[in-house]
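Participant: After the structure tokens below, expect a handful of questions from me.
The values are calculated or read from the model by the stated rules, or taken from the named source; none is laboratory data. Bear in mind that the values here come from a model prediction, so they are computed numbers and not experimental data. Heads up: the accessible areas ignore ligands, DNA and RNA and are worked out on the full protein's heavy atoms, side chains in. Shrake-Rupley method; radii C 1.70, N 1.55, O 1.52, S 1.80 Å.
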Amino acid sequence: MSRPANHRSAARIARSLLANRLPGSRRGTVRQHLARSGYIAQTIWRRWQVGPYQWQLKHLRWYLVERTGEHASGTRYRHWLTVRLLILALDHDGWIERLDGPWVRPSGERGALKAGRPALEPTPPANRGAGQ
């Protein structure tokens, strides 16, 4: 996929990337993740002029270190959750372990991670009428 032309199109791509992967209604947490993903994409685009499909590990690490460094630990954690969802949507699962930092826990302390909620996998449609 080609690079986005501006920060707005980078944000739109990031939001659409997550919109199809997040379960649930478009209220509350899902809406917050979509808004944060757009902000993350805009911030990275303004620094490097790359969109979500061109991101490298260094872009996300820069965002988490430099752009969330002054935030409270709970806010950094919420940004980390959105970054993690973006990584999973981009199918770069190996990046998650390599982005260890104080943002990984709400308390700001490092430690082993527990398994989280699995990503929503699309279910195949039921085969109706076959064999009946």
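Participant: How many percent of the accessible area of segment 1-109 is carbon or sulfur, using a 1.4 Å probe?
Facilitator: 46
Participant: Is segment 7-85 best put as rounded, prolate or oblate by its Cα gyration tensor, with a ≥ b ≥ c the root eigenvalues, rounded for a/c under 1.5, and otherwise prolate when a/b is larger than b/c, oblate when not?
Facilitator: Cα axes put segment 7-85 in the oblate bin.
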